[in-house]
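Before any comments, here is the structure.
The values are calculated or read from the model by the stated rules, or taken from the named source; none is laboratory data. Owing to the predicted nature of the structure, the values given are computational and were not obtained by experimental measurement. Methodologically, a virtual Cβ is constructed for each residue, glycine included, from the backbone with ideal geometry; neighbour enumeration extends over all protein chains shown. With ligands, DNA and RNA removed, areas are computed over all heavy atoms of the protein, side chains included. Shrake-Rupley method; radii C 1.70, N 1.55, O 1.52, S 1.80 Å.
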Amino acid sequence: MCGIAGFIGVGDFVTRVALVQALGAGIDSRGGDAAGYVNIGRETGSFTHAKRLGTWEGSKRKFIHKAATGDMCMMHARYATCGDKKAQDQ
């Protein structure tokens with residue numbers, strides 16, 4: 001089970017930051033072992049992405065402003081569903 005959220009066409013940066021915070025918290029409700037985002041600025045052609053081990057909550061300081069740079073964003077959280085800790089890390 002994974003969590004996925006995103007937005008399209010939000011022009012205001014402050015609103016995008018608020019959306020990233022709220023949506024990130026929503027997909028992180030069970031905890032996870034990896035999280036990431038892809039962000040596209042359709043007007044400028046900018047493209048940013050990142051992924052990290054751990055939860056969205058643990059990564060949000062690194063993610064929050066970069067994930068809100070463009071007007072289109074897709075975020076994900078990966079949950080380990082089986083296996084031991086070593087298998088989850090791989």
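What does the charge count around T69 come to, taking other residues whose C-beta lies under 13 Å from its C-beta (Lys +1, Arg +1, Asp -1, Glu -1)?
Counting the neighbours of T69, the net charge comes to 0.
Sort T55, T69, T44 by heavy-atom solvent-accessible area, probe 1.4 angstrom, most to least.
Solvent-accessible surface, decreasing: T44, T69, T55.
Is the shape of the stretch 26-76 rounded, prolate or oblate, going by the alpha carbon gyration tensor and its root eigenvalues a ≥ b ≥ c, with a/c under 1.5 for rounded and a/b larger than b/c for prolate?
prolate
Sort R61, R16, R42, R78 by heavy-atom solvent-accessible area, probe 1.4 angstrom, most to least.
R61, R42, R78, R16
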